[in-house]
Amino acid sequence: MKRFIFMVLLFASLLIPLSAAAAGTVPIAADGIARQIDSQLMMRYAGDNSIFADRKHQAAVRARIVIMGTSPANINNFEESSPLARQMTEEISRWLINAGYRFQELRKGRYIRFDKRTGELLLTRDVGKLATTTGVSHAVLAGTYVVSGEQVRFSMRLIHTTSNEVLAMGTGTVPITNDVLPLLQDPVKGEGNVPTVSTRLK
């Protein structure tokens with residue numbers, strides 16, 4: 001019996017690092033942030049004060065909210081972002097769209113560009129090639145991030161477009177692993193706040 005208990009404890013201890021690593025991935029951190037934002041919006045607009053709130057009413061509220069997504073900025077330099085920050089916006093947007101919110105794509109070009117090497121491209125960050133430089137939405141998803149030696153902390157908020165009021169806010173942390181480390185440096189500028197030592201969850 002003691003041997004059996006020892007084996008169970010040993011097996012459980014081996015699983016703990018796996019669950020910790022899984023909890024630190026960008027999609028999971030983004031899901032946590034999006035859930036915080038959604039919960040606050042439901043309390044504000046759907047009167048969600050109990051777990052028994054009307055799901056149809058919540059779905060109708062979500063369908064009326066149009067959101068534009070922007071890239072989180074480095075909290076120490078608002079002119080700087082990173083591939084990791086841009087990916088965080090993509091993942092949060094995915095969750096919110098799946099939940100029923102409407103999103104407006106800011107990067108849509110006026111036309112599809114064809115390139116032999118890269119394929120067919122519609123999205124662009126060239127202002128001159130954008131389909132429109134104006135957007136109509138109820139709120140803008142924006143935020144900041146800060147890089148420490150071992151993790152990246154994101155603070156995302158949904159800002160009302162006309163009043164600048166923060167409608168909802170969520171935070172999440174992504175541990176810096178060898179997979180995440182390259183995403184902290186912008187390949188275009190060759191810049192970014194990259195720790196000198198990479199860490200890996202064990």
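Summary table below
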read-out: Order of Met68, Met156 under a 10 Å beta carbon neighbour criterion, fewest first; value: Met68, Met156
read-out: Val66 paired with Phe78, simple spin-label distance in nm, labels 7 Å along Cα-to-beta-carbon; value: 2.5
read-out: Which of Thr177, Thr89, Thr118 has the fewest Cβ neighbours within 10 Å, and the rest in rising order; value: Thr118, Thr177, Thr89
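Since every read-out is calculated from the coordinates, none of them should be taken as a lab result. Quantities reported herein were computed from a predicted structural model and do not represent experimental measurements. As a convention, Cβ positions derive from the backbone with ideal geometry for all residues, glycine included, and neighbour counts pool all protein chains shown.
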